[in-house]
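Participant: Structure in structure tokens, see below.
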């Protein structure tokens, strides 16, 4: 697959859009990739660099901003809700570790 986008705007506004905006081709490509990366032959990091020509850090910055949008939720509700849930779980675990608290799941 070819490169979708080598750079996606300034860091201060990675995915700025109005609430009724539609997803760009790049944004849908991010969501589609996140849904199916596990079935690809090479590592996720290598695929991110090859497909999008961005670092994995930038990929996750864009993905995290994207899953907070209503347009992403409308595009793929199951994926976006799962990613939001995983992110919230990781945040709780990090906070608990900092406070020295054990969380039971």
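Participant: Anything in the stretch 46-73 that is free of Cβ contacts under 8 Å to residues at least 24 places away in the same chain, touching a helix residue (DSSP H, G or I) at 6+ places or on another chain (Cβ under 9 Å) and either part of a loop (DSSP other than H, G, I, E, B) or loosely packed, with under 12 Cβ neighbours inside 10 Å (or both)? List them, or say none.
Facilitator: Result: 55, 67, 68.
Participant: Of the residues 35, 92, which single one is assigned to a helix (DSSP H, G or I) and in contact (Cβ under 8 Å) with a residue 40 or more places away in the chain?
Facilitator: Values: 92 fails: in contact (Cβ under 8 Å) with a residue 40 or more places away in the chain.
Exactly one residue qualifies, and that residue is 35.
Participant: Being in contact with a helix residue (DSSP H, G or I) (Cβ under 8 Å, 6 or more places away or on another chain) and surrounded by fewer than 16 Cβ atoms within 10 Å (Cβ to Cβ) is the filter; apply it to the stretch 74-100 and report the residue that is farthest from residue 23 (Cα to Cα).
Facilitator: Taking the stretch 74-100 as the starting set, the residues that turn out to be in contact with a helix residue (DSSP H, G or I) (Cβ under 8 Å, 6 or more places away or on another chain) are 75-76, 79-81, 83, 87.
Right, trim to surrounded by fewer than 16 Cβ atoms within 10 Å (Cβ to Cβ) and you get 81, 87.
Numbers: 81: 17, 87: 21 Å.
Per the stated criteria, the residue is 87.
Participant: Right, residue 36: modelled with pLDDT of 90 or more and surrounded by fewer than 16 Cβ atoms within 10 Å (Cβ to Cβ) or not? Steps first, please.
Facilitator: On the way: modelled with pLDDT of 90 or more: yes; surrounded by fewer than 16 Cβ atoms within 10 Å (Cβ to Cβ): yes.
It is true that residue 36 is modelled with pLDDT of 90 or more and surrounded by fewer than 16 Cβ atoms within 10 Å (Cβ to Cβ).
Participant: Out of (1) surrounded by 13 or more Cβ atoms within 10 Å (Cβ to Cβ); (2) in a helix (DSSP H, G or I), what's the single condition that is false for residue 21?
Facilitator: (2)
The values are calculated or read from the model by the stated rules, or taken from the named source; none is laboratory data. Note that this is a predicted model, so its numbers are computed, not measured. Note: ideal-geometry Cβ built from the backbone for every residue, glycine included; neighbour counts use all protein chains shown.
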